[in-house]
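Enquirer: Below you will find the structure I want to go over with you.
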Amino acid sequence: MSDGLVRILHGNTFVVSDTRGDIEASADDPTGLFSFDTRFLSRWVLTVGGERLTALSTDDLQYFETRFFLVPGTGTVYVNATLTVIRRRAVDDGFREQLTLLNHDGSPVELTVRVDADSDFADLFEVKDAMAKKGTRTTRVEDGRLVMAYERGTFQRTTTVSSTKPARADEQGLEFTVRIEPHGSWDTELHVVPTLLGPGGRRLLPDTPVATGRWQDMEDDLERWLAAAPRLVCDSDSLRATYRRSLVDLAALRFTPMIAGSRSLPAAGLPWFMTMFGRDSILTSLQALPFTPELAATTLRVLGDWQGTRVDDFRDEDPGRILHEMRYGELTAFEERPHSPYYGSADATPLYVVLLDEYERWTGDDELVRGFEPEARAALRWIDTYADLQGNGYVAYQRRNEQTGLENQCWKDSWDSISYHDGRLPGFPRATCELQGYAYDAKVRGARLARQFWGDPGYADELEAQAEDLKRRFNRDFWVEDGQYYALALDADGARVDALSSNIGHLLWSGIVDDDRAAAIADHLLGPRLFSGWGVRTLAEGEARYNPIGYHVGTVWPFDNSFIAWGLRRYGFKTEAARVAAGILDAADYFAGRLPEAFGGYDRDLTKYPVQYPTACSPQAWSTGAPLLFLRTLLGLDPMGEHLLVDPAVPVDIGVVELLDIPGRWGRIDAFGRGLVDVGRWP
Amino acid sequence: MTSTHEFFDDLARRGHDPLLGRVTADVRFDLVGSGETEHILVRIDHGDITVSAEDAPAQCVVSGDRALLDAIVDGGTSIMTALLRGELAVDGDPELLVLTQRLFPGRVAGSRSEQAARERRSP
């Protein structure tokens, strides 16, 4: 990795170490073994013969597995060691590390191998904010194992370190005395097991299937996942590599919430967001629907189960609201943070209905659509009641938890993301434009569900009338006549927040844009102020807060662009959609197929390569899903009744694209496209 | 009469909760503390609810201190955070726990913005 860190993960457990495999975490850096939002290992240092090691190479074997090739000693100009050390590490519910020493010498060798271990049991939130612990840490040695424990009242977490070969355990780690014959080898397997304890010292959570699994099982599971996805045959090596990378990373980001049995949904991203997020899980499920529809099913089920039912200011919960974020760490447990779950998101609720409908259109799974009718109705009700904070019929947000709640409850959630053209920040509540698009789409789709599956044509008529009215009002109230685009938001007084932003692209996706205005929107999206050549910027050049490396005020987000391209297609702008797709897919090539969360908004002519945003999360679920949605868009895939429509508009440079065995209500079907769209060239 | 008893008596009187329309299962609450463990068995059949003191097998068993259950039904804390703190034990299907927690009140209600929203709520 470019930052010198090696990451492997499985579900919500992940290990971040240096290139030697060592962990030496400080209070505020995200290295260590993390599980359930808690750092279970903050120190993990291997020495051989009292010496630290030097990495010769690091192989990322799988997302859950890495191999480090090492030699003893550090700081030498050249290496002339007679000993090789191999650490092969795989994540399960904790991790396993196979330690192998090879003696290349003609004489036997006797030495001490030692692993130092420690845990600070930091909550992930504490790591982000460098906070102090309130409980007590203890360490003990038990039958050759090292047990580190943390206790705060009834809250108990432990980390147990053991090995397959007998070790001398002390309170700082495990030590082995090793004798290796000439040209011989020695190995052991180290186990690090994090445990959440409940009453009476029982485990809080049942074992997941992987906890009892073997190395081979995890590899088989990945192979099955890849085999079940459609096969991409195409001329472009780059696109093939990006597609495979996306599928593998999506497998890595699968997260099994406590209540989902063995089913999984997409977590948001590594390292900070290996948990369930309403918005991220829904949008990623939408992107991946033609490829791995089962993710959408789990997302709908789990988010539906957790739907808000009460008014709770601490969690910003309302009846019908879909959650924003779930956490399992100490601060959440003691209600010092509201994430149990936290509901402060204004888009997850309408998007839930959008996903439910889109899921049925692809899969024909009417059972789920019928089963979750009450949840869908409650979500639709939330749009018109609790979300209408300005009293003007628009979805708006304002946190009620003013200590630890989120200020901006749309996807652009940083403090300065919503601004007027002149840079001022509006007050609250804020009604951003894309929320109205999502609400419109939710009503239109809700009407289809009501008519077709819930046997309630009256409700369907009502929703359609509301949608029509919303579209009419929106086109009147949000339109910035001077600039010929939609305002970013309405402020607390109902006045337009008049910055030009990428949000207008989401409006195309939702269908709320009047037909006679769509061309103006497409022109802006592909125009010099928004389009960098790599993609559409979050905020247009010329806005007061524009900054090409500002998180939501000028960077290019691959996920954002994937929905913008889908929107352009919806209004018939095939070439423009292909241009956006081509730009981002070209960028993916510079990141070995793994698109970061965001990259700089610099002109493509200026930088020649996409500049990664400094602290971008990677892999991140909706960036991982972006190439999948681009493929759908380029091939023009859309379910129509029991059939799949294919209407390709593929850039010339990509050439021939065949997507084989696309799963859906039709069984499996193939789609073909040939690169005929000229998207222009970059030097 | 404790908050927990009042809550379950009220639930039994209502006899139905649409929030559990999708659920058909038995959930048992075991209240521990001084004296004998007390059982509250909630049988749910598509949202129809009956409550008894039976110690019968259930698909989900939640056990915790009496005072803790009182705090949960009073909205002083939540099932999820009590579970994470290790104060509550759950056996069986955790999905049922999540669905059942829909019945309990939240932590704090009634801010101004909320009241405004409630007034606008359609009947």
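Enquirer: Taking the criterion of being in contact with a helix residue (DSSP H, G or I) (Cβ under 8 Å, 6 or more places away or on another chain) and closer than 20 Å to A:Ala333 by Cβ, would at least one residue in region A:40-54 satisfy it?
Expert: Our first condition is that a residue be in contact with a helix residue (DSSP H, G or I) (Cβ under 8 Å, 6 or more places away or on another chain); within region A:40-54, this holds for none.
Within region A:40-54, not a single residue is in contact with a helix residue (DSSP H, G or I) (Cβ under 8 Å, 6 or more places away or on another chain) and closer than 20 Å to A:Ala333 by Cβ.
Enquirer: Looking at region A:322-359, which of its residues are of a type in the set (Ser, Thr, Tyr) and closer than 15 Å to A:Ser281 by Cβ?
Expert: A:Tyr342, A:Tyr343, A:Ser345, A:Thr349, A:Tyr352, A:Tyr359
Enquirer: For A:Ala55, indicate whether it is surrounded by fewer than 24 Cβ atoms within 10 Å (Cβ to Cβ), more than 20 Å from the chain's Cα centre (by Cα) and within 12 Å of A:Val127 (Cα to Cα). Show your work before the answer.
Expert: Numbers: surrounded by fewer than 24 Cβ atoms within 10 Å (Cβ to Cβ): yes; more than 20 Å from the chain's Cα centre (by Cα): yes; within 12 Å of A:Val127 (Cα to Cα): no.
No.
Enquirer: I'm trying to understand the selection: among the residues of region A:24-35, which are crowded, with 18+ Cβ neighbours inside 10 Å and either in contact with a Leu (Cβ under 6 Å, 6 or more places away or on another chain) or of a type in the set (D, E, K, R) (or both)? Quick ask: steps written out before the conclusion?
Expert: Step one: list which residues in region A:24-35 are crowded, with 18+ Cβ neighbours inside 10 Å, which gives A:25, A:30-35.
Answer for region A:24-35, where residues must be crowded, with 18+ Cβ neighbours inside 10 Å and either in contact with a Leu (Cβ under 6 Å, 6 or more places away or on another chain) or of a type in the set (D, E, K, R) (or both): A:Gly32, A:Leu33.
Enquirer: Do the conditions hold for A:Val192, that is, is it closer than 27 Å to A:Ser42 by Cβ and modelled with pLDDT of 95 or more?
Expert: For A:Val192, the condition - closer than 27 Å to A:Ser42 by Cβ and modelled with pLDDT of 95 or more - is met.
Enquirer: Let me ask you something else. Go through (1) farther than 16 Å from A:Leu435 by Cα; (2) in contact (Cβ under 8 Å) with a residue 60 or more places away in the chain; (3) surrounded by fewer than 16 Cβ atoms within 10 Å (Cβ to Cβ) and name the single condition A:Leu463 misses.
Expert: Answer for A:Leu463: the failing condition is (3).
Enquirer: So A:Arg263 clears everything in (1) more than 20 Å from B:Thr77 (Cβ to Cβ); (2) in a helix (DSSP H, G or I) except one condition, right? Which one?
Expert: (2)
Enquirer: Residues that are closer than 14 Å to A:Gly535 by Cβ and of a type in the set (Lys, Arg): which helices (runs of 4 or more DSSP H) entirely in region A:573-641 hold 1 or more of them? Steps first, please.
Expert: Numbers: elements: A:574-590, A:604-607, A:621-635.
In region A:573-641, A:574-590, A:604-607 are the helices (runs of 4 or more DSSP H) which contain 1 or more residues that are closer than 14 Å to A:Gly535 by Cβ and of a type in the set (Lys, Arg).
Enquirer: Quick check on region A:297-345: of everything there that is aromatic (Phe, Trp, Tyr) and part of a loop (DSSP other than H, G, I, E, B), which residue is farthest from the other protein chains (Cβ to nearest Cβ)?
Expert: A:Tyr343
Enquirer: Being of a type outside the set (D, E, K, R) and surrounded by fewer than 18 Cβ atoms within 10 Å (Cβ to Cβ) is the filter here; which residues of region A:184-196 pass it?
Expert: Of everything in region A:184-196, those that are of a type outside the set (D, E, K, R) and surrounded by fewer than 18 Cβ atoms within 10 Å (Cβ to Cβ) turn out to be A:Gly184, A:Ser185, A:His191.
Enquirer: Can you name the number of the only condition in (1) surrounded by fewer than 22 Cβ atoms within 10 Å (Cβ to Cβ); (2) over 17 Å from A:Arg424 (Cβ atoms); (3) hydrophobic (A, V, I, L, M, F, W, C) that A:Val480 fails?
Expert: Result: A:Val480 passes all but (2).
Residues checked against (1) farther than 25 Å from A:Pro319 by Cβ; (2) within 14 Å of another protein chain (Cβ to nearest Cβ); (3) among the basic types (Lys, Arg); (4) assigned to a loop (DSSP other than H, G, I, E, B):
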| residue | (1), (2), (3), (4) |
| --- | --- |
| B:Met1 | yes, no, no, yes |
| B:Ala12 | no, no, no, no |
| B:Arg22 | no, yes, yes, yes |
| B:Val27 | no, yes, no, no |
| B:Asp30 | yes, yes, no, no |
| B:Gly35 | yes, no, no, yes |
| B:Ala58 | yes, no, no, yes |
| B:Gly76 | no, yes, no, yes |
| B:Leu83 | no, yes, no, no |
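Enquirer: Would you confirm, using the coordinates I've provided, whether A:Phe68 is at positive phi and either at pLDDT 90 or above or surrounded by 20 or more Cβ atoms within 10 Å (Cβ to Cβ) (or both)? Can you show your working first?
Expert: Numbers: at positive phi: no; either at pLDDT 90 or above or surrounded by 20 or more Cβ atoms within 10 Å (Cβ to Cβ) (or both): yes.
Here the answer is no, as A:Phe68 does not meet what is asked.
Enquirer: Return the residue satisfying two criteria in turn: it lies in region A:621-648 and is in contact with a Phe, Trp or Tyr (Cβ under 6 Å, 6 or more places away or on another chain) and among the small types (Gly, Ala, Ser), and of such residues it is farthest from A:Thr363 (Cα to Cα).
Expert: Ranking the candidates gives A:Ser623 first.
Enquirer: Check every one of the helices (runs of 4 or more DSSP H) wholly within region A:438-552 and list those with 2 or more residues that are of a type in the set (Gly, Ala, Ser) and farther than 26 Å from A:Ser562 by Cα. Give the derivation first.
Expert: On the way: elements: A:457-477, A:503-510, A:518-525.
Passing ranges, in order: A:457-477.
Enquirer: If the Cβ limit is 6 Å and pairs must be 6+ apart or interchain, which residue in region A:165-182 that is surrounded by 13 or more Cβ atoms within 10 Å (Cβ to Cβ) pairs with which residue that is not in a strand (DSSP E or B)?
Expert: Between residues of region A:165-182 that are surrounded by 13 or more Cβ atoms within 10 Å (Cβ to Cβ) and residues that are not in a strand (DSSP E or B), the close pairs are A:Ala167/A:Gly144; A:Ala169/A:Gly144; A:Leu174/A:Ala167; A:Phe176/A:Ala167.
Enquirer: Right, something else. Hey, could you check region A:383-398 for residues that are polar (S, T, N, Q) and more than 7 Å from chain B (Cβ to nearest Cβ) and say which is nearest to A:Arg321 (Cα to Cα)?
Expert: The selected residue is A:Gln390.
Enquirer: Could you please let me know if A:Val497 is among the β-branched types (Val, Ile, Thr), modelled with pLDDT of 95 or more and buried (at least 19 other Cβ atoms within 10 Å of the Cβ)?
Expert: So A:Val497 passes the test.
Enquirer: Follow-up. Do you know which residues across region A:111-141 are out of contact with any strand residue (DSSP E or B) (no Cβ under 8 Å at 6 or more places or on another chain) and charged (D, E, K, R)?
Expert: A:Glu126, A:Lys128, A:Asp129 - these are the residues of region A:111-141 that are out of contact with any strand residue (DSSP E or B) (no Cβ under 8 Å at 6 or more places or on another chain) and charged (D, E, K, R).
Matching residues to (1) surrounded by 24 or more Cβ atoms within 10 Å (Cβ to Cβ); (2) within 21 Å of A:Arg240 (Cβ to Cβ):
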position: A:Gly550; (1), (2): no, no
position: A:Trp557; (1), (2): yes, no
position: A:Asp560; (1), (2): yes, no
position: A:Ile564; (1), (2): yes, no
position: A:Leu568; (1), (2): yes, no
position: A:Ala581; (1), (2): yes, yes
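The values are calculated or read from the model by the stated rules, or taken from the named source; none is laboratory data. The structure presented is a predicted model; accordingly, all values stated were derived computationally and were not measured. Quick reminder, even Gly has a Cβ in these numbers, built from the backbone with ideal geometry, and neighbours come from all protein chains shown.
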